[in-house]
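Notes follow the structure.
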Amino acid sequence: MRIAMIGTGYVGLVSGACFSDFGHHVVCVDKDPSKIEGLNAGRMPIYEPGLETLVATNVRAGRLFFTLDVTEAVRDADAVFIAVGTPSRRGDGHADLSFVYAAVEEVARATTNDITLVTKSTVPVGTGDEVERIVRSVAPDRAIRVASNPEFLREGAAIEDFKRPDRVVCGTNDPEAATCLRAIYRPLSLNKSAPVLFTDRRTAELTKYAANAFLATKITFINEIADLCEAVGADVQEVSYGIGLDNRIGRKFLHAGPGYGGSCFPKDTLALLQTAERHETPLRIVETVVSVNAIRKRAMGRKVIRFMGGEVRGKTVAILGLTFKPNTDDMRDSPAIDIIQALQDAGAHVRACDPEGVEQARRMFSDVEFVSGPMAAVKDADAAVIVTEWDEYRGLDLREIGAVMRSPVLVDFRNIYAADQARVAGLRYLGVGKPH
Ligand code: UDX
């Protein structure tokens, strides 16, 4: 199949590269000349494990191309995927669809074929209808079939998620669009690795939001249980394991932490609430999840301050990990932002390290001292705070850490160390949802 991918952000670039790896002919488009120039020179605009090799292999094989020119990309395409950003509109949480609609219009003007136009960006229910209205008015003589195919890949595990998904969801009532999508995803069904579901467009659009809202709920639930564990002297990791073994609950997404962040959960839960409000069908659980998570992220900084004795003015706090999760350079809505803010507001000096996130973090904080790694961060610090569970922070020599700190205090927001282990190494330790 011949595919054009409009937008080379996380979803677009990974999807385009993986489609080409399935053997399809893929042209990826972006408006940003430096991005396209970089990609053509083999430079990735994001950090994602395995992506650089995947892109290089498929470019070399003559199946993957990058261009600034939509017309060139959609020429001869069977399917055009829209994978541009849908950020939260400032102020009201609505998904900003202006990039999607602009891309749709451009594609409709440029195409000379009868294509299947697929929305991969996460878009609110009913967006497909508006896309259809745009293509009918811009290209009335073309049979452009509009479908929805939301993407569920996670940053940091994006290639694996794309190639071995739990499911693929396709939304269309058009038989030709369904045939086209079936052909595109055939490599997945060949080894029965993933069910490819076909449903109507609105159901597909809502499935994506419902999945993300449910996962955000699961995390927020265990985070509140973690607070209760601390109050009653129980261990949230044991509770999580105990409930997760029940197949109806499942073990994933039950790790208590400083609150969820990232490019999807915060934005998508807000957008879902807007849809619910517009349809006068309140989603009270999701409303609560959103506010509990926001409050939690702000409370984490205060928790550190309390554990340090309530006064941090003039003290140095080392932050280990800045990104919202490991294996990404993404700082969007990361709990580290709220934690650093709270510490700085209280007068602390913040020193931070992260294997990939420093560049993005630098743009957010001019007054944080960024250092190369954990040992440099903790030297003479009054507390060390693990915010992101990067692999390289999992096996630190705690004795060595304690020995170079001014006061040996470790706050572990990801529970990667055991309290006993830290105590034996001479550190005062605070985990999440642990008895103390
Ligand atoms: C998420 C969805 O998982 C994905 O399906 C969707 O397409 C996009 O949004 P992503 O944002 O990349 O993916 O990351 P994910 O691994 O889901 O983590 C999101 C946040 O939840 C992170 O801040 C992470 O630390 C937090 N989290 C996750 C927890 O705090 N506890 C958990 O048990 C799981």
Tell me which residues, restricted to the stretch 363-381, are more than 26 Å from the chain's Cα centre (by Cα) and either crowded, with 20+ Cβ neighbours inside 10 Å or within 16 Å of the ligand (Cβ to nearest atom) (or both). A377, V378, A381
From the list E238, E224, which one is closer than 26 Å to D330 by Cβ, assigned by TED's automatic domain parsing to the domain that holds P435 and within 16 Å of the ligand (Cβ to nearest atom)? E224
Result of the Cβ filter at 8 Å on the stretch 238-255, keeping first residues that are among the small types (G, A, S) and partners that are assigned to a loop (DSSP other than H, G, I, E, B) and more than 9 Å from the ligand (Cβ to nearest atom), at least 6 apart or interchain, is S240/R251; G244/G250; G244/R251
If you check every pair at least six apart or on different chains, which have Cβ atoms under 8 Å apart with a residue in the stretch 121-144 that is in the same structural domain as A95 (by TED's automatic domain parsing) and within 17 Å of K208 (Cβ to Cβ) first and a residue that is of a type in the set (A, V, I, L, M) and open to solvent by 50 Å² or more (accessible area, probe 1.4 Å) second? V125/L206
Please verify whether the stretch 283-296 includes one or more residues that are part of a helix (DSSP H, G or I), away from the ligand (no atom under 16 Å from the Cβ), of a type in the set (S, T, N, Q) and surrounded by fewer than 21 Cβ atoms within 10 Å (Cβ to Cβ). yes
If you take the residues in the stretch 1-58 that are within 19 Å of the chain's Cα centre (by Cα) and either closer than 20 Å to E72 by Cα or not assigned by TED's automatic domain parsing to the domain that holds E176 (or both), which one is most open to solvent (accessible area, probe 1.4 Å)? G9
With a cut-off of at least 1 residues that are within 26 Å of E132 (Cβ to Cβ), name the helices (runs of 4 or more DSSP H) lying wholly within the stretch 1-93. 10-21, 70-74
Please report, ordered by residue number, the strands (runs of 3 or more DSSP E) entirely within the stretch 127-205 with at least 2 residues that are buried (at least 18 other Cβ atoms within 10 Å of the Cβ) and away from the ligand (no atom under 14 Å from the Cβ). 145-148, 168-171
Every residue from the stretch 306-335 that is without any contact (Cβ under 8 Å) to a residue 60 or more places away in the chain and either buried (at least 23 other Cβ atoms within 10 Å of the Cβ) or assigned to a loop (DSSP other than H, G, I, E, B) (or both): G309, G310, E311, R313, G314, M331
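The values are calculated or read from the model by the stated rules, or taken from the named source; none is laboratory data. Just so it is clear, the model here is predicted, and its values are computed rather than measured. For neighbour counting, all protein chains shown are included, and Cβ atoms are generated from backbone atoms with ideal geometry for every residue, glycine included. Surface accessibility is based on the protein's heavy atoms, side chains included, excluding ligands, DNA and RNA. Shrake-Rupley method; radii C 1.70, N 1.55, O 1.52, S 1.80 Å.
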